[in-house]
1. I need the full set of residues from segment 1-37 which are at pLDDT below 95, part of a helix (DSSP H, G or I) and open to solvent by less than 50 Å² (accessible area, probe 1.4 Å), in order please.
2. Only one of (1) out of contact with any Leu (no Cβ under 7 Å at 6 or more places or on another chain); (2) more than 16 Å from ligand 2 (Cβ to nearest atom) fails for Ile568. Which number is that?
3. Suppose the filter is of a type outside the set (D, E, K, R), within 16 Å of ligand 2 (Cβ to nearest atom) and under 30 Å from Asp397 (Cα atoms); does Leu293 pass it?
4. Output the number of residues of segment 389-420 satisfying the condition of being more than 13 Å from Leu488 (Cα to Cα) and in a loop (DSSP other than H, G, I, E, B).
5. Enumerate the helices (runs of 4 or more DSSP H) found wholly within segment 421-529, keeping only those where 1 or more residues are out of contact with any Cys (no Cβ under 7 Å at 6 or more places or on another chain) and within 12 Å of ligand 2 (Cβ to nearest atom).
6. Restricting attention to segment 397-417, does a residue exist that is among the basic types (Lys, Arg) and either under 23 Å from Val556 (Cβ atoms) or within 16 Å of ligand 2 (Cβ to nearest atom) (or both)?
7. Of all residues in segment 273-307, which are open to solvent by less than 50 Å² (accessible area, probe 1.4 Å) and hydroxyl-bearing (Ser, Thr, Tyr)?
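The values are calculated or read from the model by the stated rules, or taken from the named source; none is laboratory data. These numbers were taken from a predicted model, which means no experiment stands behind them. Cβ atoms come from the backbone with ideal geometry, glycine included; neighbour counts cover every protein chain shown. Heads up: the accessible areas ignore ligands, DNA and RNA and are worked out on the full protein's heavy atoms, side chains in. Shrake-Rupley method; radii C 1.70, N 1.55, O 1.52, S 1.80 Å.
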Amino acid sequence: MGTVEPQVAADAQAAVTDGFQLVIDALKLNGIDTIYGLPGIPITDLTRRAQAEGLRVLSFRHEQSAGYAASIAGFLTQKPGICLTVSAPGFLNGLNALAHATTNCFPMILVSGSSEREIVDLQQGDYEEMDQLAIAKPLAKAAFRVLHAADIGVGVARAIRAAVSGRPGGVYLDLPAKLFAQTIDVAAGRSSLIKVVDPAPRQIPAPEALERALDLLRGAKKPLIILGKGAAYAQADADIKSLVEKTGIPYLPMSMAKGLLPDTHEQCASAARSFVLPAADVVMLIGARLNWLLSHGKGKTWGGKGHKDWGGQKFIQVDISPTEADSNVRVDAPVVGDIGSCVCGLLAGLGNWPQPPADWLNAIHEKKSANVAKMAETLAKNPSPMNFHSALAVVRDIVRANPDAMFVNEGANALDFTRSIVDMYKPRKRIDVGTWGIMGVGMGYCVAAAVVTRQPVIAVEGDSAFGFSGMEVETICRYNLPVCVVILNNNGVYKGTDINPRGGDVAPTVFVKDARYEKLMEAFGGVGVYARTPAELRQGMEQALRSRKPTLINAVIDETAGTESGRITSLNPSAKKK
Ligand code: ADP
Ligand code: TZD
């Protein structure tokens, strides 16, 4: 008898599955192979079992970094990046990234364990009690909670569809602790799972919308194309290149669209940005919004008289969201659909396309040449101490020699100077602070970029920016990722020279002088480099790319270099008063 009972128990056990297993099965069934997260009650076993089942489970030191990693994995792969957290505080740490994903149109799913519903809803004080679903809703594109194991398949399917269809975004999936231990019959469990068919269906633009757009563009005297990160996300690289080249229209890439065509392309107007924006008469936006990054399509940037005046441009907007057009200024030709289908439709309608007027192209060429020559002169200088330009001249060379490397960038001056100095050569290589200009994405982005693309990663970070996610260098070392972090260290936020007029504490923007950030990397077995000259920086970066070892280069630059808020000083209320 004693031998039979355990057998019966084992059989009974084999015939059931549980919530943990169904979550893993549902993710795997939908081609999800990586989880970015941080373990704890109630999801520790989920991370263990997911790993045992062959999912890659990347554990971070803070959920915010895990979330940023998931969000950018979504951008790079068009599959929702999964961030897994514990309840209340872990959930809140991840929530920042969920909001970031929604704002940036990146597909991501924040999966958080939560406490017991009946205690949470009566506010009886459970361990990590919080009504997470209600809190996530306004920040997510969609939010769902699963209460029964039999509904896990539906919950995961709905989350995936919501994240990647239409305008991509962040989705919240709430999984209460009790759900994981629930058991159901194996066969019932299996048949409850859903493999999502066509999660991001093509959205074909209307023929008349395409015709309207082409008519407007054909008649332009000074046409301009602006490529945004939606165009990079869409992975329609060949058709976008073809559209730009066949029309001969100058284009501006937004920062994460850099490299969609090489920045050195002769039609790239980046070096003449402040000339082309006010001068253009018809502007075609492809996957770019007329938000603050484009001065809302009006004001002096666009040739308007006052800061809110329309500059007279006509806009064509290619976007998957039907409500994006007219959000700031009138859009004369909205083209609603997925960028792949829209660009394909535009290409098909080009016919015998007239090249843009020569005087427009010549004027841009002249501006570009003058600005490029001026920049070359600045970059050739070798001041001591090093400044942004002399350091970035090195980075520019290294990126040119390693065009497949991923490139992460955050900071204020460290962002603005890098964006304009360092050319990108291939699509989706540059990932940065995005729509919010957010600090803290750096190390999470490095991890995801290395894992997803298997390419080396170069990160150019302001010293303040780096601090937001600096502890993740341990994560980078733990997974032995080929990441080379370059900190442009000027001893503070924007720069290191602010003075507290009352004495005592240092000014709010000032850090410890001559901080040795490179030792942080050495603490976890990576390579630390202290670089005071461009030659030392170059040697450090070359060595990092050769060795593929986690490397942190503390590039010491002039602490007086940098301006308040970089290029957006004007958004400071105090600066405006002056
Ligand atoms: P940037 O910051 O580079 O200017 P934005 O994030 O402001 O770019 O704009 C991206 C736009 O791209 C969003 O309006 C979004 O709806 C759109 N978009 C994202 N993916 C697609 C797609 N596959 N097809 C069409 N539009 C897309
Ligand atoms: N917090 C968050 C999450 N995002 C922000 N953008 C800020 C604060 C404000 N902020 C900026 O906009 S840039 C920046 C902060 C704190 C750091 C600038 O200093 P840095 O770069 O050292 O990173 P530079 O090169 O010295 O300007």
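1. Matches in segment 1-37: Ala10 only.
2. Ile568 satisfies all of (1) out of contact with any Leu (no Cβ under 7 Å at 6 or more places or on another chain); (2) more than 16 Å from ligand 2 (Cβ to nearest atom) except (2).
3. yes
4. Qualifying residue count, segment 389-420: 4.
5. Passing ranges, in order: 442-453, 463-467.
6. no
7. Ser295
Residues are listed down the side, and each one gets a yes or a no for (1) open to solvent by 30 Å² or more (accessible area, probe 1.4 Å); (2) away from ligand 1 (no atom under 16 Å from the Cβ):
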| position | (1), (2) |
| --- | --- |
| Gly189 | no, yes |
| Leu210 | no, no |
| Ala213 | no, no |
| Ala271 | yes, yes |
